[in-house]
Amino acid sequence: MGKRKRYISRRQFLEGTGAVIAAATAGPALNLKLPAANPPATDDVAPGAPSTAIRLVVNGTEHRLEVEDRWTLAELLRDHLGLTGTKIGCDRGECGACTVLLDGNPVYSCSNLAVWTDGREVQTVEGLAHGEQLDPLQQAFVEHDGPQCGFCTSGQLMSAKGLLTHNPHPTAHEVQAAMAGNICRCSNYNRYVEAVLAAAATKDVTASKGNLGHSTASTKLGPEVSATKRRRNSRVSDTVAGGAR
Amino acid sequence: MSRIPALGSLKTIGHSTPRIDAIERVTGKATYSGDVHLTGMLYARILRSPHAHAQIRRIDISKALALPGVKLVLTHENCTVVWGAGSVSGGRQYVDEIKKITRQKRYVFNNPVRFFGEPVAAVAATNRHIAEEALKLITVEYDALPLVLDQEEALRPESVKIWPDGNISLDAKNEAKPEVYRRGDVEEGFRKADHVFEDRYTTTYVHNAQMEPRVCVASWEGDKLTLYTPTQGTSNCRHDMARDLGIPDEKVRVVCQYMGGGFGNKNQNQDADLIAAMLAKETGSPVKLELSRKEDFIGVHGRWPTTQYYKVGVSSDGVLQALQLRGYSGMGPYRKNSGGIAGIELYQCPNVESTVYPVYTNRAVSGNYRAPEFPQGFFGIQSMMDDVAYKMKMDPIEFVLKNMTRRSNDEVPYSNYTLEECIRSGADAFEWKKRWHAPGADSGAIRRGAGMSFMTIRSPLGQSSAVIRLDSNGRYTVFVGVTDIGAGAKTTMSMIAAEELGVPLSDVDLVWGDTDRCPYSVGESGSRTTDMTGYAVIEAARDLKRQIAEKGLPKGENALIASASPNPKSEGKVRKAFGAHFAEVEVDAELGRVRVLKYVAVHDSGRIMNPLTATSQVKGGVTQGIGMALHEDLVYDRSSGQPLTAGYYGARIMTHLDAPEIEVIFIESDDGYGPFGAKCIGEAGIVHAVAAIGNAIFNSIGRRMKDLPITRDKILGALA
């Protein structure tokens, strides 16, 4: 991330949003000319806010950062590292839009504090493609029309990536179970399952794992919050959701 | 009106095509409104009412203002902007004159507050955590008022009046009247009928629950506002903002490059847009306002709950003689949209009367959700008719074929008609005769059953605009005001341009989602984009072809620019899309659990522009409908008026594990209108899905489930 652009003027931003996008048909050509319309905000820690120095690897790049103790991993990624591909759909561990891989396992980044990732390795949707070469999962999502609105897509991809890393040839039901914590309100579930099975059928899907090229640091600080993906096989009527603000 | 070219001549339209922005969406590069960051931006949060109905006696914001980093606090005391689209007499949100005369104005901050979660104050601060801290420092004293949550109960004389005019929403003339439709004489029809049946059905509040929660970034440069906001219609959002803020349209720019769904609750401007704009204006800094998921659930809107009373008269040969609906729609305390209940129009019947009351309650505000008035009404009437068929000892399909609509309201011809073909071909594909049995005949622990439903839905033509520019490099740039809610409008518009221009899709660029760059579009609501804006793209392409024929291809710095703002009509005919759904379910009689085993959805939406994305639309709509039928609800505590299930988990939104395989079959008929013969598709899938599930459950267990959602406890209760 040495070359990452920390600030961008509004004028630059406006030019960015107006850019036309070449109409791409199927095929893996990645349009990398899109300007970064989502620069990192500021990694300033608010004055007086409790903070901690951490070291973590994101998409193969090591970062040494001072993070506020109250920041979630999702917040760190989106607002302070400029990785806005990770979406926040509920910020309370219900929807899965913020799913990233933490040491290779899918977790909800909204439900992990940034300080807990000290010494660990994070992979986000931005880390899936190799340059212009899409990951087979991304390619299958394009061809099988996975994203409708696309807001849940990053999370669906990361859960699928985590699944295929551990189980390269899942059944349809295994895909559904592994991705049960990733809600798609466009309800394109059939398409996502099709796409994951299609990606699993391509040979190179497992070859692309571990592309980070960095060994995972062994120090782990703070509580281990493993994948919070809920299995919702059984539904409970009249479940009381979180309390009022 | 030109005729549609033969299917075989089409090079792009009709061919499955991945979305033109799919790569942006799978790589994380797509910029949604919440990803926008402006230098010096403040963060905003909203304090919401912890009471369902209360008078605010006092608000003390001094401690919040004293917190370092807090820049501004807005309340009803220092901000009196009316949110026009938030509550419009009669739901006629597009008519400025009605907004001016209405007595039931909804301000951005209201006193009294009329639902749990209504905005009370908004804070702008240097970061989101400080803004959240500041909310806790605002002291509000409330005098709680009596509350009413149910739409029927709200009309009892002893119920609290939420507005001085009472709890029936005022119509466009400020009169408290129901929406009434009549033809023939129902009383005469009931006298003539050999059998008369009556029943009551209810549906619940189902939230749109789009994945992207409400967010808005507002920025002023001098007297011009730029708003980055997820909106289904940049043009109508701009117009609403300008009117509410009292500035000309051209002083507002609305930008929406990517949006994470909406299903109807991101149309128009939202109070979040106004709050962000006012905070930005007063602080002199850009402001990003983010709603939490819970706030989105209770503070934006969902589908209106309904209570429906039906009375149906039939002759002994099973022909409808009279049909009557008395319905009540719970709108929350503001009538954001119509509150209609559709379904009556599905039947050919000489004597019809529909009376629907839009009623105020102290629940979350209701509004448009994918086919706003359809799934709830179609569930009611098609369950009712399925029951009438059963009592008349008829196969449901036989009953439908005998009584379904053949002309719009029995009078006006449709532009074409394939409803019968949809039903018959669907029944074959589903193997109806094999799967359907006498209701309740299956008596084991696991009981299978089959149900069907059918639909018509409006597919009107109308005004929209498009511009196409051809430069000397041979690039065709299409300018359209679409935002692509997720249905694939950007891809469809590009495909239409490529087809009409006779060039490959890769020669077409698209500029979208920005009111300063794009012409008017009707916006992605009412399944209108393909029909209306798509038709404008065709007309612009024709204009461009004429210019090329006259002037030749542009050279050097020159470019050709073509534009069109057509407003086509369907010549005294009614355009509708048609469909039929068939579901097989399995009910566990011991656990009450319902599983959908097979689902066949047959649709005639005219020419299918892009089979890949159109199929996804139907699959998604059906799946949402299954959720509405079986799970989804916003449950309230009756004494406090507090919603208990706001959120994905509580409201039991469909997940991967709940979603069955949906088989989609398209019947493509040409009615001679619309772009390449296309009709509406976006809403079509959900319209009758709920009814199909309800009818399949009846066939399975022989008990009519009359109240949504059809949860396990209700099934076990019915079987007890």
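The values are calculated or read from the model by the stated rules, or taken from the named source; none is laboratory data. Just so you know, these numbers come straight off a predicted model, no measurement behind them. No Cβ is skipped: glycine too gets one built from the backbone with ideal geometry, and neighbour counts run over all protein chains shown.
Checking the condition at pLDDT 85 or above, outside any loop (DSSP other than H, G, I, E, B) and more than 7 Å from chain B (Cβ to nearest Cβ), which residue from A:Leu56, A:Leu14 passes?
From the options A:Leu56, A:Leu14, the qualifying one is A:Leu56.
Considering B:Val73, B:Val36, B:Val26, which residue is in contact with a Leu (Cβ under 7 Å, 6 or more places away or on another chain) and under 17 Å from B:Ala276 (Cβ atoms)?
Numbers: B:Val36 fails: in contact with a Leu (Cβ under 7 Å, 6 or more places away or on another chain); B:Val26 fails: under 17 Å from B:Ala276 (Cβ atoms).
Just one listed residue meets the conditions, B:Val73.
Looking only at the range A:134-145, decide whether some residue is more than 11 Å from chain B (Cβ to nearest Cβ) and of a type outside the set (Val, Ile, Thr). It would help to see each step written out before you state the result.
First, the residues of the range A:134-145 that are more than 11 Å from chain B (Cβ to nearest Cβ): A:136.
Subsequent filtering for residues that are of a type outside the set (Val, Ile, Thr) retains A:136.
Yes, that holds for at least one residue.
Could you say whether any residue in the range B:291-312 is within 30 Å of B:Met392 (Cβ to Cβ), of a type in the set (A, V, I, L, M, F, W, C) and in contact (Cβ under 8 Å) with a residue 60 or more places away in the chain?
yes
Mind listing whichever residues of the range B:337-376 are within 14 Å of the chain's Cα centre (by Cα) and small (Gly, Ala, Ser)?
B:Ser338, B:Gly339, B:Gly340, B:Ala342, B:Ser366, B:Gly367, B:Ala371
Just to check your reading of the model, which residue among B:Ser521, B:Ser525 is surrounded by fewer than 24 Cβ atoms within 10 Å (Cβ to Cβ) and either at negative phi or assigned to a helix (DSSP H, G or I) (or both)?
B:Ser525 is the lone residue from the list that is surrounded by fewer than 24 Cβ atoms within 10 Å (Cβ to Cβ) and either at negative phi or assigned to a helix (DSSP H, G or I) (or both).
Table: residues versus (1) under 17 Å from the mean Cα position of the chain (by Cα); (2) not assigned by TED's automatic domain parsing to the domain that holds B:Lys100.
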| site | (1), (2) |
| --- | --- |
| B:Val196 | no, yes |
| B:Val206 | yes, yes |
| B:Pro230 | yes, no |
| B:Asp240 | no, no |
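Of the residues B:Asp240, B:Asp271, which single one is over 25 Å from B:Gln463 (Cα atoms) and not β-branched (Val, Ile, Thr)? Spell out the reasoning first.
Numbers: B:Asp240 fails: over 25 Å from B:Gln463 (Cα atoms).
One residue alone meets the criteria, B:Asp271.
Results for (1) facing chain B (nearest Cβ under 8 Å); (2) at pLDDT below 95; (3) in a loop (DSSP other than H, G, I, E, B), shown as yes or no for each residue.
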position: A:Asp43; (1), (2), (3): no, yes, yes
position: A:Ala46; (1), (2), (3): yes, yes, yes
position: A:Ala49; (1), (2), (3): yes, yes, yes
position: A:Ala74; (1), (2), (3): no, no, no
position: A:Val100; (1), (2), (3): no, no, no
position: A:Val107; (1), (2), (3): no, no, no
position: A:Trp116; (1), (2), (3): no, no, no
position: A:Gly119; (1), (2), (3): no, no, yes
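Can you report the number of residues in the range B:326-345 which are buried (at least 24 other Cβ atoms within 10 Å of the Cβ) and either free of Cβ contacts under 8 Å to residues at least 12 places away in the same chain or not small (Gly, Ala, Ser) (or both)?
Residues in the range B:326-345 being buried (at least 24 other Cβ atoms within 10 Å of the Cβ) and either free of Cβ contacts under 8 Å to residues at least 12 places away in the same chain or not small (Gly, Ala, Ser) (or both): 8 in total.
Show me the strands (runs of 3 or more DSSP E) found entirely inside the range B:167-250 where at least 1 residues are away from chain A (no Cβ under 14 Å), at pLDDT 95 or above and on the phi < 0 side of the Ramachandran plot.
Details: elements: B:179-183, B:195-203, B:215-221, B:224-228.
Of the strands (runs of 3 or more DSSP E) lying wholly inside the range B:167-250, those with at least 1 residues that are away from chain A (no Cβ under 14 Å), at pLDDT 95 or above and on the phi < 0 side of the Ramachandran plot span B:179-183, B:195-203, B:215-221.
Need the failing condition index for B:Ala549 against (1) surrounded by fewer than 21 Cβ atoms within 10 Å (Cβ to Cβ); (2) at negative phi; (3) touching a residue at least 24 places away in the same chain (Cβ under 8 Å), just the number.
The one condition B:Ala549 does not meet is (3).
Over 18 Å from B:Val537 (Cα atoms), surrounded by 23 or more Cβ atoms within 10 Å (Cβ to Cβ) and either free of Cβ contacts under 8 Å to residues at least 40 places away in the same chain or of a type outside the set (A, V, I, L, M) (or both), is that true of B:Ser453? Steps first, please.
Working: over 18 Å from B:Val537 (Cα atoms): yes; surrounded by 23 or more Cβ atoms within 10 Å (Cβ to Cβ): yes; either free of Cβ contacts under 8 Å to residues at least 40 places away in the same chain or of a type outside the set (A, V, I, L, M) (or both): yes.
It is true that B:Ser453 is over 18 Å from B:Val537 (Cα atoms), surrounded by 23 or more Cβ atoms within 10 Å (Cβ to Cβ) and either free of Cβ contacts under 8 Å to residues at least 40 places away in the same chain or of a type outside the set (A, V, I, L, M) (or both).
In this structure, is B:Ser338 under 27 Å from A:Ser187 (Cα atoms), among the hydroxyl-bearing types (Ser, Thr, Tyr), assigned to a loop (DSSP other than H, G, I, E, B) and not assigned by TED's automatic domain parsing to the domain that holds B:Leu279?
yes
Note down all Cβ pairs under 6 Å where the first residue falls in the range B:584-596 and is surrounded by 18 or more Cβ atoms within 10 Å (Cβ to Cβ), the second is part of a strand (DSSP E or B) and modelled with pLDDT under 95, and they're at least six residues apart or on different chains.
Listed by first residue and then by second, the contacts come to nothing, as the list is empty.
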